1. How high is the relative contact order of the chain, given as a whole-number percent (alpha carbon pairs under 8 Å, six or more residues apart)?
2. From a point 7 Å beyond the Cα of K66 in the direction of its Cβ, which residues of segment 87-126 have a backbone N at a distance under 11 Å?
3. Using the Cα gyration tensor of segment 48-156, with a ≥ b ≥ c the square roots of its eigenvalues, what is the shape: rounded (a/c below 1.5), prolate (a/b larger than b/c) or oblate (neither)?
4. Using Cα springs under 10 Å in a Gaussian network model of the chain, which residue among D50, D147, D163 shows the largest mean-square fluctuation?
5. Tell me the label-point distance for the pair R143, V122, using the 7 Å Cα-to-Cβ offset, in nm and rounded to one decimal.
6. For the chain, take the longest principal axis of its alpha carbons; what is the angle in degrees between that and the long axis of helix 84-95, to the nearest 10 within 0 to 90?
7. Within 12 Å, Cβ to Cβ, of V30, how many net charges do the neighbouring residues add up to if Lys/Arg are +1 and Asp/Glu are -1?
8. What spacing in nm lies between the two simple spin-label points modelled at E55 and D196, each 7 Å away from Cα in the Cβ direction?
Amino acid sequence: MADADRRKPHRLPILIANGFAPFPLPLQVVRDQYRARGYASRVVPFRLADMADVERYAAHIAAEAKALTEKNGCDRVHLLGYSMGGVAGLYAIKRLGLATRIEAFVGLGSPFHGTMLSWFAVTSGLFSLTGAQLVPNSPFLKRLHADPLPPGPRYLSIAGSRDLICPPETSLLDGADQRELPIGHAQFLVNERVPDLVAPFLR
């Protein structure tokens with residue numbers, strides 16, 4: 001039995017970052033999909049302040065990734081970012097030094113090049129900054145993409161061909177593997193085809 005245990009592949013834990021919402025989205029569904037596949041998985045705890053600033057959210061993601069590596073006694077984790085969580089995760093990797101702690105980064109319906117719906121948030125008050133950060137061609141996004149992806153992590157971006165919030169062209173990430181599924185934006189949270197596609201990309 002001991003020999004069999006040693007032959008089991010070591011699976012790094014997964015950190016899952018929520019998308020934009022003024023309330024927690026049901027990412028425990030996503031978490032449990034990966035736990036069923038043998039991965040220790042954790043969702044970044046919801047904070048309303050994170051939804052009001054992508055950079056603040058990125059700092060929270062970086063802190064959670066560090067805590068997850070320490071808790072599990074590993075050097076790296078996998079990071080899955082849903083929607084805005086993917087943009088914040090990418091910012092943490094490129095601007096906050098998180099690349100050294102990430103084995104694989106996966107964006108799920110993430111508007112790396114912005115989304116037109118963010119214009120509605122610009123005049124919202126509480127979420128005005130987030131709206132301004134995530135509109136297409138914003139200064140924030142131009143800074144985010146000013147240089148290549150850092151070496152170290154493996155990168156995957158998955159788009160939904162029926163995604164009206166984050167159409168496939170907004171999910172393109174230079175230097176990353178690109179995949180597409182026939183799903184809409186909300187289906188990234190529940191469709192089993194998503195973890196079936198992501199799991200082989202992880203270690």
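1. 19
2. Answer for segment 87-126: 97-98.
3. Prolate, since a/c reaches 1.5 and a/b exceeds b/c.
4. So, out of D50, D147, D163, the one fluctuating most is D147.
5. So the two model labels end up 1.8 nm from each other.
6. Roughly 80 degrees between the two axes.
7. +2
8. Calculated label separation equals 4.2 nm.
The values are calculated or read from the model by the stated rules, or taken from the named source; none is laboratory data. Everything quoted here is computed from the prediction, not taken from an experiment. FYI the Cβ positions are ideal-geometry reconstructions off the backbone, even for glycines, and counts take in every protein chain you see. Keep in mind that these areas ignore ligands, DNA and RNA; they rest on the heavy atoms of the full protein, side chains included. Shrake-Rupley method; radii C 1.70, N 1.55, O 1.52, S 1.80 Å.
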